[in-house]
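The values are calculated or read from the model by the stated rules, or taken from the named source; none is laboratory data. None of these values were measured; they are calculated from a predicted model. Virtual Cβ from ideal backbone geometry, glycine too; neighbours counted across all protein chains shown. Accessible surface areas use protein heavy atoms only, side chains included; no ligands, DNA or RNA. Shrake-Rupley method; radii C 1.70, N 1.55, O 1.52, S 1.80 Å.
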Amino acid sequence: RGVRIAEPADLDRLWDLCLVGHATNGAFRIAPHKIIAVLKRACWRNPDAVIGLIDGPERIEAAVCLMLGSHWYSEDLYWSDRFLYVHPAHRRSRHAFRLFRFVEWWANVVGAPCGAPVVMSIETFDRLGAKEALFGRYARRVGASYLFGKVPMEDEAACARVAAALIQ
């Protein structure tokens, strides 16, 4: 299966994937209205948002969401990821590879005319080294993030309950 661009009919299934993604990777409490707003921007083909997804018979198996913006100090545009996620039931597939190839294509074809590259980040408490190695196979590292204090989802018991309820 290949990557295709999301459309309005994908909204509910993308929402489901986002819930599973939050249960496994979320650091902050979920705000459904914010997620729905981003999904709608991308599914309704706004020029500043896109979702590439891999569809399956039971669910959307993997997706990446990119949004156009700029740094606070510049007018130069770049695409940043809101998420790149492969459903746990499909982790042994080539889906991550396909999503990274989609991102590379987006940067070189869509971003190229206006010079807008794609900047991606990893925010996780789980398997950071493996995820850094995965991202590093496809793109070059240009920075890092550091956290002071605790975030709401660091309560491991609460995270485990949410994950168990959503991942089946």
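Membrane-span-like helices in the chain (whole DSSP H runs, Cα extent of at least 18 Å along the helix axis, mean Kyte-Doolittle hydropathy of at least 0.0): 11-25.
Please identify every one of the trypsin sites (Lys or Arg not before Pro) in region 65-102 that sits in a loop by DSSP and has no more than 14 other beta carbons within 10 Å of its own beta carbon.
When the trypsin sites (Lys or Arg not before Pro) of region 65-102 are filtered for loop state and at most 14 Cβ neighbours within 10 Å, ARG91, ARG92, ARG94 remain.
Entry comment: accessible area of the chain is 62 Å² per residue, from protein heavy atoms only and a probe of 1.4 Å.
Estimated at 0.36 nm per residue, the fully extended path between ALA139 and TRP44 surpasses their Cα-Cα distance by 31.4 nm. Distance in nm between label sites at LEU147 and ASP126, each 7 Å beyond Cα in the beta-carbon direction? Spacing of the two 7 Å Cα→Cβ label points: 1.3 nm.
Counting chymotrypsin sites (Phe, Trp or Tyr not before Pro) as exposed when in a DSSP loop with at most 16 other beta carbons within 10 Å, what is the longest stretch of the chain free of them? By the stated rule (loop sites, at most 16 other Cβ atoms within 10 Å), 74-124.
Placing unit charges on each Cβ (+1 for Lys and Arg, -1 for Asp and Glu) gives region 10-107 a dipole about its Cα centre, and among TRP79, PHE100, TRP15 the Cα reaching farthest toward its positive end belongs to TRP15. Could you work out which residue, out of LYS131, LYS40, LYS150, moves most in a Gaussian network model of the chain, that is, has the largest mean-square fluctuation with Cα springs under 10 Å? Highest fluctuation of the listed residues: LYS150. Note on the chain: with neighbouring protein chains present and a 1.4 Å probe, carbon and sulfur make up 55 percent of its accessible heavy-atom surface. About the centre of its Cα atoms, the chain shows a dipole size close to 380 debye [charges on the beta carbon of Lys, Arg (+1) and Asp, Glu (-1) only; nearest 20 debye]. Using a/c under 1.5 as the rounded threshold, could you call region 1-100 rounded, prolate or oblate? The axes a ≥ b ≥ c are square roots of the C-alpha gyration tensor eigenvalues, and prolate needs a/b larger than b/c, oblate otherwise. Since a/c reaches 1.5 and a/b is larger than b/c, the shape of region 1-100 is classed as prolate. Each Lys and Arg adds +1 at its Cβ and each Asp and Glu adds -1 at its Cβ; summed about the Cα centre, region 1-59 shows a dipole of about 160 debye. GNM remark for the chain: springs join alpha carbons under 10 Å apart, and the peak mean-square fluctuation among GLY52, GLY143, GLY115 falls on GLY143.
Nearest 0.05, what FRET efficiency do SER80 and ALA31 give at R0 = 25 Å with Cβ-Cβ as r?
It comes to 0.85.
Each of (1) -0.38, -0.77, -1.46, -1.60; (2) -0.41, -0.85, -1.56, -1.66; (3) -0.46, -0.82, -1.20, -1.26 is a candidate for log10 I(q)/I(0) by the Debye sum over Cα atoms at q = 0.10, 0.14, 0.19, 0.20 Å⁻¹; the one calculated from this structure is (1).
The GNM of the chain, with springs linking C-alpha atoms under 10 angstrom apart, assigns the highest mean-square fluctuation among ALA116, ALA139, ALA89 to ALA89. Scanning the chain for GluC sites (Glu not before Pro) that sit in a DSSP loop and have at most 16 other Cβ atoms within 10 Å, the longest stretch containing none of them is 1-57.
A simple rule links phi to the HN-Hα coupling: the Karplus curve 6.51 cos²θ - 1.76 cosθ + 1.60 with θ = phi - 60°, which for region 64-72 gives 9, 10, 10, 10, 8, x, 8, 6, 4 Hz, with x for Gly and Pro. Helices in the chain, meaning DSSP H runs of at least 4 residues, each add -39500 (n - 2.57). Divided by all residues, the mean residue ellipticity at 222 nm is -10500 deg cm²/dmol.
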